[in-house]
1. Report D for the range 184-266 in µm² per second (integer): Stokes-Einstein, Kirkwood Rh on Cα pairs, 4 °C, 1.567 mPa s.
2. Within the range 194-258, which GluC sites (Glu not before Pro) sit in a loop by DSSP and count at most 13 neighbouring Cβ atoms inside 10 Å?
3. How big is the gap, in Å, between the Cα center of the range 233-254 and the Cα center of the range 94-167?
4. Among Asn98, Asn80, Asn33, which one shows the highest mean-square fluctuation when the chain is modelled as a Gaussian network with alpha-carbon springs under 10 Å?
5. Binned at 5 Å from 0, what are the whole-percent values of the Cα-Cα distance distribution for the chain, short to long?
6. If Lys and Arg each add +1 and Asp and Glu each add -1, what is the summed charge of the other residues whose beta carbon sits under 14 Å from the beta carbon of Gly116?
7. Considering only Ile173, Pro239, Trp157, whose Cα is most displaced toward the positive end of the charge dipole of the chain, charges sitting on Cβ of Lys, Arg (+1) and Asp, Glu (-1)?
8. If the limit is 18 Å between Cα atoms, which of Lys145/Lys186; Lys145/Lys176; Lys70/Lys176; Lys70/Lys196 go over it?
Amino acid sequence: MRAAKTSRYRVQFPPADAHDLQQDEVFFHIIENGSQEVRIRFHDYDQIYLRPGLYEQLFYDRLKCASPTKVGELLERALNTASEPITELRVLDLGAGNGMMGEVLKNRHGVARLVGADIIVEARDAAFRDRPDVYDDYYVADFTKLSPQDEDLAQEWSFNCLTSVAALGFGDIPPKAFFTALQLIKPQGWVAFNIKETFLDRSDQSGFSRFIRELIFSEYLEVYHLERYRHRLSMEGSPLFYYALVARKTSSIPNDFLTQACAVDS
Ligand SMILES: C[S@@+](CC[C@H](N)C(=O)[O-])C[C@H]1O[C@@H](n2cnc3c(N)ncnc32)[C@H](O)[C@@H]1O
């Protein structure tokens, strides 16, 4: 189900000389109440989610984000290859935002259970406001320091799939949060996510890149699909390429994997 139709916003992108910004610094203006100009960064998710339909208008209608569809398709293809029904997945959707990936998983692929997780309450409020039938539950939590109670609650869902779309790296979900979520997935479960293409480039020595590369090539993931595709357009209209990855988590991952991976020298 698509979010209830809302009025369109008057969105203005800044002049080209402001475009040389990191992806998490990019901003735009919206004109509200006739003339009031409000400046919002792409990563001011709280401000964006407070305005129904703005996230969809900006990232999906204007910047043509294709990632939930792409990651959902590859996940289904991997399960077909493994002769496992996607309808039996119990999914934790990390960095769920207002539910764009959740909508694809529930309505297009028919997963059995779906729990969202995000670090800001505005995301959960927007998901329940705009897509009330998508998530069975939704955690607002910082996965870098999940409380034992939250961890117990999460264990009770017996997740066998982790998804994270348009949410890893770039000041969003750090390696520790992703690793904690991955640890909640049962052995033989699935993981499906996307990352910016430079994260797989050896020249990128950020903690997140090192962790992801070590993980992909480790014995703990059995990769079914790794595909480079156009995630969305930049503000200037250039394609931004990402990798979508679907893998099976083969077994429990030692707790020190994260620290070891981030410490590895290339
Ligand atoms: C670009 S949105 C993606 C939302 C949705 N997955 C989609 O595909 O449209 C990134 C989301 O990640 C969330 N996020 C950022 N840091 C996070 C963290 N440490 N833990 C959980 N969620 C986080 C943000 O609040 C935001 O809702």
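We did not get these values from a lab; they are worked out from the coordinates using the rules stated. Bear in mind the structure is a predicted one, so any value in this text is a computation, not a measurement. Here the Cβ positions follow ideal geometry from the backbone for every residue, glycine too, while neighbour counts run over all protein chains shown.
1. 94
2. Values: sites: Glu197, Glu214, Glu219, Glu222, Glu227, Glu236; in loops: Glu219, Glu236.
The qualifying sites are Glu219, Glu236.
3. Comparing the Cα centres of the range 233-254 and the range 94-167, I get a distance of 18 Å.
4. Asn33
5. That works out to 1, 6, 13, 18, 19, 17, 13, 8, 4, 2, 0, 0, in percent per bin.
6. Local charge sum for Gly116: -4.
7. The listed residue farthest towards the positive side: Pro239.
8. In this structure, Lys145/Lys186; Lys70/Lys176 exceed 18 Å between Cα atoms.
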